[in-house]
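All remarks here apply to the structure that follows.
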Amino acid sequence: MSKYTVRTSSINNARRFSYEIDFLLTDYGVASDGWLAHAIARMARDSNLKQYFTADVRSFKNALTIVATNPDCRNLLSKPVTAVLRRDIHSLFTMMESILAEEKSSWSGAVQFRTSGLFRRYLMAISNDGVMYEFVGRPFRSRLSNFRSSRPILPQNPGEMPLDALPHSDVDELKRKISTLLDSQISALIDACIAELNFWDDVRQTLMAHSMLQFTEDELRNANSYILEGIPSGYYAKKFLCMEPKRLLGAIVHVTNITLNHDFAVVRSKGWSKTSALSRAMLEDVASLDQMKPVPHAQILQMNRHSHVCELSAAFILLMIHTAWNADTLRALQVDSIVQDGSSFLIKSFKRKTGKYTSEVVLDSASRGAVQALNLLMWNHHQLKKLKIISDSNNEAWATWKRGGYPCEVEHIKNITQYILRICSRNGIAPFSLEQLRTHMLLRHKVRGRSIEDVSRIAGHTSIDVTGTYLDQFLQKILSKSINLDFQNRLARKLCGPEENMQRALYLVGDGTSCVNPRTPPFETWLVNGTCDARHCHSGEGCINSRIEVTRERIEELVCWNGYYERNWQRLYEANTDAFEKLHGPAIIMNFALLSFLKNSIHRDKVCEVIDAFGAVEDRDD
């Protein structure tokens, strides 16, 4: 058999999609009874019982396509499975990683590492069947880098100072300033979303007020004609066009209010070119046309019936802010999981990635905009059921106009990027993605003092290691990377020249810096047995006795400490937060800032030489 079909599934916008991915052995130039054939045949059998994850199988297929271009790899993949030896496995996987690193250099290290892992996992699954000649034993150790860049947070708005350039005297002040900046960005976004909800609520109220006027039979007949046909022709057209736009608008809204047949409410703005002009004339009395872009006029005329995606997008952002759920989890929110208790709400949702429900979240008046957003969701869902647009058994909270269909047709909310851009452009906010918003909220919780376990629970992560990917944004980029301009300016003042070295003896601290007088620190409390304890060299504005001597030995110390902090900062932070903030935090800032400073100075060649030498040693030890 030369063709195998693997069944897969994926989740997108809170919906599950199933696929069938075909593998043709002839495409890879391998034997139909070899190692690869057995592995893919097993995948095809297993997928009938439990579907594979689509992205994983596609990554495996992409890697296989690349690897199969190598004749040596093809020979190994064609080898009878009962004749595959441990050295064959090691050779194939080594060549595979070399090919990935060379052919897919544009991929990040994490993507290459994951692709290698999938390739090895699927090929070695048959080892459990007992068909391989030798026991595999110790697993293959990947040589690819598994470095994952920290996830981005909300970008700085115009006029805001970047996080990595905030002036500060110590770690505590830096954290307070970061927290303040994070809060201000979220506050501005909440204000913008509430303004969006209020704007469309005013539009809805204006439409309803116009519909309360008294209308003649001719006006209601004209409204029916406009709804179903557009502008009629002949005699009725003249009568129709003479009608005051405001009264026609009110009559249209009145007619759509009194019918439950959603097909009847399809406003067809087709026909003569005057139709669009008439639509504009009607809506100019409601609100500014520029403010209502990009919503079609025909849909605005029906916003008295149910919500539009533009306002649901604002509600979505508000709930994402207050829950810190990911977008798919929020899209999966069901109406029966929204429980109202007086003026507050209790909500939870299902996270498909983990197969578990989120922790319950209480939203009340303290959660700005959240109650307004939930009231809109509940009203919209009630209206859709009342109008028979969705079935009585439908509990999906996010239903809105379907793109590319009739204005009355609805579907589950999907991509809201254009509406995010609308909110940002109207309120002077830098454009952002939903992933950035979630990372921002998790980082905000951590900076405000929540433990990593609490943040992990809020995020719905199965492990705090996953949460660390989000928190790296704070410590790795802001502290570890430390391109803080204010701190580097202080470093420049500490660099000592040959003259000072000759005039005064320098005592080594051990972290790449030196001290000119360890027996007389600025404060006597720093003394231990008559000598400074060297624990406050980099706290606050730093010690006045601290000096930086740029020699080969000091650079080696600096690089060694740099590697230590890179590997252990998270352990130190979690073991003792207070000690980290008072001792390790300032030292980390100094270490990374100093190394960055020297890399961009006249000492660059010395630093790079030491990094190359010590980096090679670290790779072997690890």
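The values are calculated or read from the model by the stated rules, or taken from the named source; none is laboratory data. If you're wondering where the values come from, they're calculated on a predicted model, not measured in any experiment. Here Cβ is always computed from backbone atoms with ideal geometry, including for glycine, and neighbour counts include all displayed protein chains. Just so you know, the surface numbers come from the protein's heavy atoms only, side chains and all, with ligands and any DNA or RNA stripped out. Shrake-Rupley method; radii C 1.70, N 1.55, O 1.52, S 1.80 Å.
Would a scan of region 255-269 turn up a residue that is β-branched (Val, Ile, Thr), open to solvent by 20 Å² or more (accessible area, probe 1.4 Å) and modelled with pLDDT under 75? Don't jump to the end; show me each part of the working.
Narrowing region 255-269 to residues β-branched (Val, Ile, Thr): 255-256, 258-259, 266-267.
So of that shortlist, the ones also open to solvent by 20 Å² or more (accessible area, probe 1.4 Å) come out as 258-259.
Still in the list and also modelled with pLDDT under 75: 258-259.
Checked against the condition, which is being β-branched (Val, Ile, Thr), open to solvent by 20 Å² or more (accessible area, probe 1.4 Å) and modelled with pLDDT under 75, region 255-269 yields at least one hit.
List pairs: first residue in region 11-24 and under 14 Å from Val57 (Cβ atoms), second residue at pLDDT below 90 anywhere in the structure, Cβ distance under 8 angstrom, at least six positions apart or on different chains.
Qualifying pairs under 8 Å: Phe17/Ser10; Phe17/Ile11; Tyr19/Ser10; Asp22/Lys3; Phe23/Lys3.
Please pick out the residue among Phe93, Phe119, Phe113 that is at pLDDT 70 or above and open to solvent by 40 Å² or more (accessible area, probe 1.4 Å).
Numbers: Phe93 fails: open to solvent by 40 Å² or more (accessible area, probe 1.4 Å); Phe119 fails: open to solvent by 40 Å² or more (accessible area, probe 1.4 Å).
Being at pLDDT 70 or above and open to solvent by 40 Å² or more (accessible area, probe 1.4 Å) holds for just one of Phe93, Phe119, Phe113, which is Phe113.
Name every residue in region 21-40 that is surrounded by fewer than 17 Cβ atoms within 10 Å (Cβ to Cβ), part of a helix (DSSP H, G or I) and of a type in the set (A, V, I, L, M, F, W, C), in order of residue number.
none
Which residues, counting only those in region 419-449, are surrounded by 16 or more Cβ atoms within 10 Å (Cβ to Cβ) and not in a helix (DSSP H, G or I)?
Matches in region 419-449: Ile429, Phe432.
Among the residues that make up region 142-161, is at least one of them of a type in the set (A, V, I, L, M, F, W, C) and either at pLDDT below 70 or touching a Cys at 6+ places or on another chain (Cβ under 6 Å) (or both)? Write out each step before concluding.
Of region 142-161, the ones of a type in the set (A, V, I, L, M, F, W, C) are 144, 147, 153-154, 161.
This time we only want the ones that are either at pLDDT below 70 or touching a Cys at 6+ places or on another chain (Cβ under 6 Å) (or both), so: 147, 161.
Yes.
Acidic (Asp, Glu), touching a residue at least 40 places away in the same chain (Cβ under 8 Å) and open to solvent by 20 Å² or more (accessible area, probe 1.4 Å): is that true of Asp341 in this structure? Give the derivation first.
Values: acidic (Asp, Glu): yes; touching a residue at least 40 places away in the same chain (Cβ under 8 Å): no; open to solvent by 20 Å² or more (accessible area, probe 1.4 Å): yes.
The answer is no for Asp341.
Name every residue in region 507-532 that is in a loop (DSSP other than H, G, I, E, B) and either open to solvent by less than 30 Å² (accessible area, probe 1.4 Å) or modelled with pLDDT under 70 (or both), in order of residue number. First the steps, then the outcome.
Initial filter on region 507-532 (in a loop (DSSP other than H, G, I, E, B)): 509-513, 516-523, 529-530.
If the condition is that a residue be in a loop (DSSP other than H, G, I, E, B) and either open to solvent by less than 30 Å² (accessible area, probe 1.4 Å) or modelled with pLDDT under 70 (or both), then Val509, Gly510, Asp511, Gly512, Thr513, Val516, Pro518, Pro521 are the ones that fit.
Would you mention how many residues in region 586-612 are outside any helix (DSSP H, G or I) and within 33 Å of the chain's Cα centre (by Cα)? Spell out how you get there, then give the answer.
Of the residues in region 586-612, the ones outside any helix (DSSP H, G or I) are 600-603.
Still in the running and within 33 Å of the chain's Cα centre (by Cα): 600.
Number satisfying all stated conditions: 1.
Suppose the filter is modelled with pLDDT of 90 or more, farther than 30 Å from Trp325 by Cα and surrounded by 13 or more Cβ atoms within 10 Å (Cβ to Cβ); does Asn48 pass it?
Details: modelled with pLDDT of 90 or more: yes; farther than 30 Å from Trp325 by Cα: yes; surrounded by 13 or more Cβ atoms within 10 Å (Cβ to Cβ): no.
Judged against the criteria, Asn48 is not a match.
Within region 296-374, which helices (runs of 4 or more DSSP H) (wholly inside it) include 2 or more residues that are within 30 Å of Leu249 (Cβ to Cβ)? Walk me through how you get there before you give the answer.
On the way: elements: 297-300, 309-323, 327-331.
Once the helices (runs of 4 or more DSSP H) in region 296-374 are filtered for at least 2 residues that are within 30 Å of Leu249 (Cβ to Cβ), what remains is 297-300, 309-323.
Is it the case that some residue within region 4-24 is at pLDDT below 90 and of a type in the set (D, E, K, R)? Show your work before the answer.
Initially, region 4-24 is screened for residues at pLDDT below 90, giving 10-17.
Then keep just the ones that are of a type in the set (D, E, K, R); that gives 15-16.
Within region 4-24, one or more residues are at pLDDT below 90 and of a type in the set (D, E, K, R).
If I filter region 596-606 down to residues being free of Cβ contacts under 8 Å to residues at least 40 places away in the same chain and of a type outside the set (Asp, Glu), which single residue comes out as surrounded by the most Cβ atoms within 10 Å (Cβ to Cβ)?
So, considering only residues that are free of Cβ contacts under 8 Å to residues at least 40 places away in the same chain and of a type outside the set (Asp, Glu), the one surrounded by the most Cβ atoms within 10 Å (Cβ to Cβ) is Ser601.
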